[in-house]
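The values are calculated or read from the model by the stated rules, or taken from the named source; none is laboratory data. Everything quoted here is computed from the prediction, not taken from an experiment. Note: ideal-geometry Cβ built from the backbone for every residue, glycine included; neighbour counts use all protein chains shown. We work out accessible area using only protein heavy atoms, side chains counted, and drop any ligands, DNA or RNA first. Shrake-Rupley method; radii C 1.70, N 1.55, O 1.52, S 1.80 Å.
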Amino acid sequence: MIGQIQLRGMTWSDPRGYDPLVAASTSFRELYPDVDIVWDKRSLQGFESTPVEELASIYDLIIIDHPHVGAVVEKNCLLPIDRLAPEDTLAQLFAETVGKSYPSYFYKGHQWALPVDAACQVQALRPDLLTEPVTRFNDVIAQAKNGRVVWPLRSPHVLMSFFTLLANQGAPFPVTQQSQIDFNAARNVISTMQTLAVLVDPACFDMDPIAALDALAEGDQFALCPLVYLYAPYGRIGYRPHRIAFHDMPSLGASGPLGSALGGTGIAVSSETKHPEICTKFALWVASANIQRGLYSENNGQPANAVAWSDPLVNAPVGELYNNTRMTHEAAWLRPRHAGYMAFQEEGSQVLLDALTGKTGPDAAISALQQRFEESFCA
């Protein structure tokens, strides 16, 4: 039965982004029979690059990622969740969220989205081809020399690998204006990335995480993907021809799996919706522990709630991947979120691609990154 209140939502097209929200909306209708939520979807590339303000004029509910938050605040296109949500409920969600996922959507005094999906760069491997995860980046290079490594380098993921390895060395990329990149650490990271880039299949330059994980899962050529965003459905038997196991990231620095570039998604409410109260209620409901550990994770979802991450019934169907990557997620690094960041993310990715393909040298690349980052605050 069609509800009296018609809401439209926009998410991304992967089953991890779409299936759990459709299931949640169906279940929500049982509690609120007069509310009907219909979800549209866009590609991963579109999700990473489409301005939120374009979507907010059309949709009531929007799945976003946190680097868009600065632009969101500037454009005034989302409703601050904390204006309608009970303070104690938000405090509970903050306490229950994996790593920095909840504060990643807090900006200039307000909460702009609620985390429903937690992710960062971890390692993925074929457990039938590689029996143990690697712990050091030297081990990744050794595997790559044998043709066993696939690595997504399509923009913006080449930049995410740079961010991850830089923070892992204890020299994270700047997040504020007039802060300097650690030149020596950045040179070491680019050198390491160049070494690996020469060894992997050139097709990696056109791969996003989904393409890389498909390549890992569908043949026997590759055994390891050293840095890739966690994708829980690939941990399920039968999702692809071969199951993928996920583990903490391999370290370039000396302190373990620290500094992985945070990803994941949050659910936000458009400032133009005619139904802000019920939209907020749905967002709180889908982010709650009971839903995240139940129907959300059961329908290809990748929860952000730590209660779900610790649940044996959530871990078992996906090969314990939440337990196996928990340290990396808890120690993940939060990207810049100012209004000009998204343009820098695209420009910075191209700078690094030029360095990895020999079009420019490491020193010139670092200088270009510094200059473009500074300029992003004036955009």
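A few comments on the model shown:
- Scanning the stretch 106-140 for residues that are open to solvent by 20 Å² or more (accessible area, probe 1.4 Å) and either among the aliphatic types (A, V, I, L, M) or within 19 Å of the chain's Cα centre (by Cα) (or both) yields F106, Y107, L129, L130.
- Here P241 meets each of (1) open to solvent by less than 40 Å² (accessible area, probe 1.4 Å); (2) in a loop (DSSP other than H, G, I, E, B); (3) touching a helix residue (DSSP H, G or I) at 6+ places or on another chain (Cβ under 6 Å); (4) at negative phi with one exception, condition (1).
- Residue match in the stretch 291-305 (condition: among the β-branched types (V, I, T), over 18 Å from T176 (Cβ atoms) and surrounded by fewer than 23 Cβ atoms within 10 Å (Cβ to Cβ)): no
- Remark: pairs (first residue in the stretch 145-171, without any contact (Cβ under 8 Å) to a residue 24 or more places away in the chain; second residue open to solvent by 10 Å² or more (accessible area, probe 1.4 Å); Cβ separation under 6 Å; 6+ apart in sequence or on different chains) = A171/D182; A171/A185.
- Failed condition for R187, given (1) surrounded by fewer than 16 Cβ atoms within 10 Å (Cβ to Cβ); (2) in contact with an Asp or Glu (Cβ under 9 Å, 6 or more places away or on another chain); (3) under 23 Å from D363 (Cβ atoms): (1)
- Across the stretch 122-169, the qualifying residues are those that are of a type in the set (F, W, Y) and outside any loop (DSSP other than H, G, I, E, B), and the one among them that is nearest to G253 (Cα to Cα) is F137.
- Selection count where residues are crowded, with 22+ Cβ neighbours inside 10 Å, under 15 Å from the mean Cα position of the chain (by Cα) and of a type outside the set (V, I, T), scope the stretch 306-330: 2
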